Structure formats: C-alpha cells, structure tokens
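Heads up, the thing below is written out as structure tokens.
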Amino acid sequence: MSDAAKRHIFSMLDADGDGVISRDEYLARVDRAAEATGRDPLDPLVEAALAAHREVFGAMDADGDGRVGLDEYRGWAGHDAFEQSCRPALGSLFDLADADGDGHLTREEFTRLRAATGNTADGASAAFEVLDADGDGLVGRDAYLAAIHDYLTTGTSPMADAYRPSGPVPQEATAF
C-alpha cells in the first residue's frame, strides 16, 4: 500500500482531525451506516458489523491504548490486514445497506451507504457507474470489496478514481 493511500485513509478515519483514530470514532461508522439504512441498533446485522469493526480496531490498535496514530496505522495497513479484518468489516457495512439481502446494492442503497461513510452523493453516483459495469443497476458485494481492496493495497481503484473528477482530491472524496 502506498504511503499516500495510508495517509489518506487514516485522515478519513480520523473524523475529528485530532491526529488519532479513537475507538469511538471508528465504531461510529457502523452507527452512521445503521442509521442511514434504517437498521435498529439491535438488528443482528448491526451487531455483527459492530463486532467486525471492534476486531479491526483491536488489530489496528497494536499497543491497546484505545487510540491509533498514523505510525501505528501505517504498520498495520496492507493486504493481510484487509483480508484478515477489513474485508469482513466492510462487507458487514455492505450487508447493512443490502435491504433485500441479495448480495447486490441498488444505486439508492449504494449512495446511502457511501454517504454514511463520508462521501458526497455525486461521488457515490460516479463510483456506482464504474462498479455497475454491466449496467444492470446493481453493484455486487464482490465487486465492491474488490474495488476497496485495490485502493487499500495499491492506492488506486476504479471506484476511488471515479471520486476524482479532476484537480485535488478533497479529504472525504474517497472515504472507504
């Protein structure tokens, strides 16, 4: 993973901009996604998403102090981290948005999820267009996770690139 991608993702996860990702800050992603998708906090999918995100945070927080700094994040982030903990956590957010549980998101579901994780509606729409390669109006779970994996491990992906129409990329533009 490129250092630029690590810094970018770190800054997105550091929602309050104080230089660290707190446990509460990280877990709030699930709360925002659950609220945006109309899920009750006691919904089993919300509970599964929280469990997956707690695991990710525990893995990121190498020293166990409840805060992840940039150097700590840099040491953790990469292919193995994605496969071991991020894939289940990001998949759990996808599942929250997948109202009918068919493994696909409609444009509306996709946009709702992306907005809950800090993206603009325009950016989400552009990313949806890229991921809906066959034009059937749906984005599959595997394609979604593959696009995020590519960005996290290589610093680029078609979905992330869709958020970048031209010029500098705003901090929230490719929030995964």
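The values are calculated or read from the model by the stated rules, or taken from the named source; none is laboratory data. This is a predicted model, so every value here is computed, not measured. Ideal geometry is used to build each Cβ from the backbone, glycine not excepted, and the neighbour counts take in all protein chains shown. When the accessible area is computed, the model is the full protein with side chains, heavy atoms only, and any ligands, DNA or RNA have been set aside. Shrake-Rupley method; radii C 1.70, N 1.55, O 1.52, S 1.80 Å.
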**OP:** Scan the stretch 27-49 residue by residue and report those that are buried (at least 17 other Cβ atoms within 10 Å of the Cβ) and part of a loop (DSSP other than H, G, I, E, B).
**Re:** Thr37, Arg39
Original post:
Would it be correct to say that Ser2 is out of contact with any strand residue (DSSP E or B) (no Cβ under 8 Å at 6 or more places or on another chain), hydroxyl-bearing (Ser, Thr, Tyr) and open to solvent by 30 Å² or more (accessible area, probe 1.4 Å)?
Top reply: yes
**OP:** Give just the number: which of (1) part of a helix (DSSP H, G or I); (2) modelled with pLDDT of 70 or more; (3) under 21 Å from Glu108 (Cα atoms); (4) out of contact with any Leu (no Cβ under 8 Å at 6 or more places or on another chain) does Ile148 not satisfy?
**Re:** (4)
Original post:
Do any residues in the stretch 35-47 that are in contact (Cβ under 8 Å) with a residue 24 or more places away in the chain and within 13 Å of Asp98 (Cα to Cα) have Cβ atoms under 8 Å from those of residues that are β-branched (Val, Ile, Thr) and open to solvent by 60 Å² or more (accessible area, probe 1.4 Å), where the two are at least six apart or on different chains, and which pairs are they?
Top reply: none
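Yes/no per residue for (1) in contact with a strand residue (DSSP E or B) (Cβ under 6 Å, 6 or more places away or on another chain); (2) buried (at least 16 other Cβ atoms within 10 Å of the Cβ); (3) hydroxyl-bearing (Ser, Thr, Tyr):
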site	(1), (2), (3)
Trp76	no, yes, no
Phe94	no, yes, no
Asp100	no, no, no
Arg107	no, no, no
Thr111	no, yes, yes
Ala116	no, yes, no
Val130	no, yes, no
Asp142	no, no, no
Subject >> Within the stretch 118-128, considering residues that are of a type in the set (A, V, I, L, M, F, W, C) and surrounded by fewer than 20 Cβ atoms within 10 Å (Cβ to Cβ), the one modelled with the lowest pLDDT >> reply: Ala121
**OP:** Provide a single number: the residues in the stretch 118-145 that are in a loop (DSSP other than H, G, I, E, B) and in contact with a Leu (Cβ under 7 Å, 6 or more places away or on another chain).
**Re:** 1
Original post:
What's the number of the condition Asp24 fails, among (1) surrounded by fewer than 16 Cβ atoms within 10 Å (Cβ to Cβ); (2) more than 19 Å from Gly118 (Cβ to Cβ)?
Top reply: (2)
Original post:
Could you list, in sequence order, the residues of the stretch 54-73 that are open to solvent by 70 Å² or more (accessible area, probe 1.4 Å) and assigned to a helix (DSSP H, G or I)?
Top reply: Arg54, Glu55, Asp71
